[in-house]
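First the structure, in the form of structure tokens, and then the observations on it.
The values are calculated or read from the model by the stated rules, or taken from the named source; none is laboratory data. None of these values were measured; they are calculated from a predicted model. In this analysis, Cβ positions are derived from the backbone assuming ideal geometry, glycine residues included, and neighbour counts consider all displayed protein chains. These area figures cover heavy atoms from the full protein model, side chains too; ligands, DNA and RNA do not enter into them. Shrake-Rupley method; radii C 1.70, N 1.55, O 1.52, S 1.80 Å.
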Amino acid sequence: MGDIRFIHTADLHLGSPFSGMKGLKKEQWQFVKNSTYAAFDRLIDYAIKETPDFVLIAGDIYDGEDRSIRAQHRFQQGMERLADAGIPVVLGYGNHDHLSGQWVRFELPENVHVFGPDVSQIRLATRNGEAIISGFSYGERHVKRAMIQDFLPAEESGAFYIGMLHGSMDGETAHAVYAPFTKQQLLEKNYDYWALGHIHKREELHHNPSIVYPGNIQGRHKNESGTKGFYDVSLSKSGTSLQFVPVSAVQFDGLSIACGGIMHMNELIDACRNSVEHHLIEHGPSILQLNLADVDEGAKELFEEVTEKELRETLQEALEELETFVWLSSIEIELGQEVFEISPLAEKIIAAMDSWQLADWKNALKDLYRHPKGSRFLEPLSDRETVDIQAAAIQKIRRNVRMGE
Ligand SMILES: [Mn+2]
């Protein structure tokens, strides 16, 4: 048997609303909102150029259970382009686009094989042998059962066995746990490859056989930073080679600017523009959180009279002349403890927050999480998110609650 070659992608989240991004001009907003589609089109272009044996999509094709008509239309077009190129697709739906949602029906072309809510097998003949692909779609949003138990172990030595599973490792606390599995459970099936989805950060959990999260193809917020894409996989009975293919149309990143020695605002603006320009040359269109670091006494005075909003708008304007898309989503000013005198009240609040457990955060944020309209856009609160929220809260408190206030 020779190699088989396939594309492993997941979490396309077509139609992501990118809500919460404020102040973008109309064209900038269009550019960001179109990014999931642009990344998807690049994936399809790549497949047509490289002609793999098939394409696997491990869940969350759509961002919402209502599968917007626009998102479905764009997906349909992509699948038809693959049909014309003779490339089969195997997919399962995930927790975001589970089968119990309400949506307008589209009929996908015949090259597209879709898993039902129970674990089943799809067999594909390739130039170098048969691939037996096992998987399922989410019948409803919350699949908490260990679906791994229903996957049949590999038994035919003449075929490639691939498992497709949208879910998370048992004990993983940073995300809502769906269809939980352990690495051992996957390995016991004796498959040649595990094509996972759900976790948006790419990671190879195991090599030989490979157990892989490709991550999403387009970041949707600051916690999905860096370049995003999918894997081009070559699989043989002796091993696997994974090639990451970047396709994100815009990437989220943090960028640190050293402010030591800066005395005037024009110097700061120049320093920011230079750093941002370098970043864009290397990474392309970006949404950046600027971190102004090493703020000494001289630089500190510059920030006393301006609000973060004013500063951000001014810097954004200064970046407008660059050809590549860039948006400053926030500016953090890293102040050493000695630079700003923090009031005893602020100290107390920060210390109290430090001892909070997840349950305390849930209590503090309950108005938001129980909001009838807002709550459906939120993923369940996790320990990891509370770390981010706490860091942001501390920064706000440090800046706003000063001595004598
Ligand atoms: Mn997802």
| query | From a point 7 Å beyond the Cα of Asp270 in the direction of its Cβ, which residues of region 299-329 have a backbone N at a distance under 17 Å? | reply | 299, 315, 318-319
| field | In Hz, Karplus ³J(HN,Hα) per residue of region 279-285 (6.51, -1.76, 1.60; θ = phi - 60°; x = Gly, Pro) | value | 4, 5, 4, 7, 10, x, x
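Could you work out the per residue convex hull volume over the alpha carbons of the chain, in cubic angstrom?
Details: hull volume 64.5 nm³, N = 405.
Taking only Cα atoms, the chain has a hull volume of 159 Å³ per residue.
If I compute solvent accessible area with a 1.4 Å probe over the protein chains, what percent of it on the chain is carbon and sulfur? Spell out each step's value before the answer.
On the way: 9630 of 19670 Å².
Carbon plus sulfur share of accessible area: 49 percent.
Given +1 on the Cβ of Lys and Arg, -1 on the Cβ of Asp and Glu, and no further charges, what dipole in debye does the chain carry about its Cα centre, rounded to the nearest 20?
Values: 40 positive and 61 negative charges, 276 e Å.
Charge dipole of the chain: 1320 debye, to the nearest 20.
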| query | Restricting to the chain, what percent of DSSP beta bridges are antiparallel, rounded to 5? | reply | 35 percent
| message | Could you tell me the extents of region 250-339's C-alpha atoms along the three principal axes, largest first, rounded to whole Å? | response | 37, 21, 20
| task | Note down the magnitude of the dipole of region 345-405 about its Cα centre, charges +1 on Lys and Arg C-beta and -1 on Asp and Glu C-beta and zero elsewhere, to the nearest 20 debye. | result | 260 debye
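Beyond 22 Å, what share of the Cα-Cα pairs of region 182-306 is found? Please give it as a whole percent.
Numbers: 4191 of 7750 pairs.
Above the 22 Å cut-off, region 182-306 has 54 percent of its Cα pairs.
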| query | What are the ³J(HN,Hα) values, in whole Hz, obtained from phi via the Karplus relation 6.51 cos²θ - 1.76 cosθ + 1.60 with θ = phi - 60°, for each residue of region 208-220 in sequence order, with x given for Gly and Pro? | reply | 6, x, 6, 10, 10, 9, x, x, 7, 8, 8, x, 10
| said: Please compute the volume of the convex hull spanned by the alpha-carbon atoms of region 236-387 and report it per residue in Å³. | reply: 229 Å³
| task | Give the Debye-formula value of log10 I(q)/I(0) at each listed q (0.14, 0.21, 0.26 Å⁻¹), with one equal scatterer per alpha carbon of region 345-405, two decimals each. | result | -0.46, -0.88, -1.10
| request: Taking the chain as the reference, fit the longest principal axis to its C-alpha atoms, fit the long axis of helix 35-50 to the helix C-alpha atoms, and give the angle between the two in degrees, 0 to 90, nearest 10. | output: 40 degrees
| query | Met21 versus Glu310, label points 7 Å from Cα toward the beta carbon: distance in nm? | reply | 2.7 nm
| field | Above-threshold pairs, the threshold being 23 Å between Cα atoms, out of Lys144/Lys183; Lys183/Lys237; Lys49/Lys222; Lys25/Lys201 | value | Lys49/Lys222; Lys25/Lys201
| note | Between Ile287 and residues 5 or more places away or on another chain, the pairs with built amide H atoms under 5 Å apart involve Gln251, Phe252, Asp253, Trp327
| remark: Taking the square root of 5λ for each eigenvalue of the C-alpha gyration tensor of region 4-246, the equivalent ellipsoid has semi-axes, largest first and in whole angstrom, of 27, 20, 17
| field | Descending Cα extents along the principal axes, region 226-297, whole Å | value | 63, 21, 15
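Quick one: length gained pulling Ser355 to Thr182 fully straight, 0.36 nm per residue minus the C-alpha distance?
Values: separation 173, 0.36 × 173 = 62.28 nm, distance 3.13 nm.
Here the segment from Ser355 to Thr182 would lengthen by 59.1 nm.
Could you work out the local net charge near Asp60, counting Lys and Arg as +1, Asp and Glu as -1, over the other residues with Cβ closer than 9 Å to its Cβ? Display every interim value, and only then the final one.
On the way: positive: none; negative: Asp11, Asp63, Asp97.
So the environment of Asp60 carries a net charge of -3.
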| field | Lys/Arg +1, Asp/Glu -1 at C-beta; the chain dipole; positive extreme among Ile122, His198, Ser275 | value | Ile122
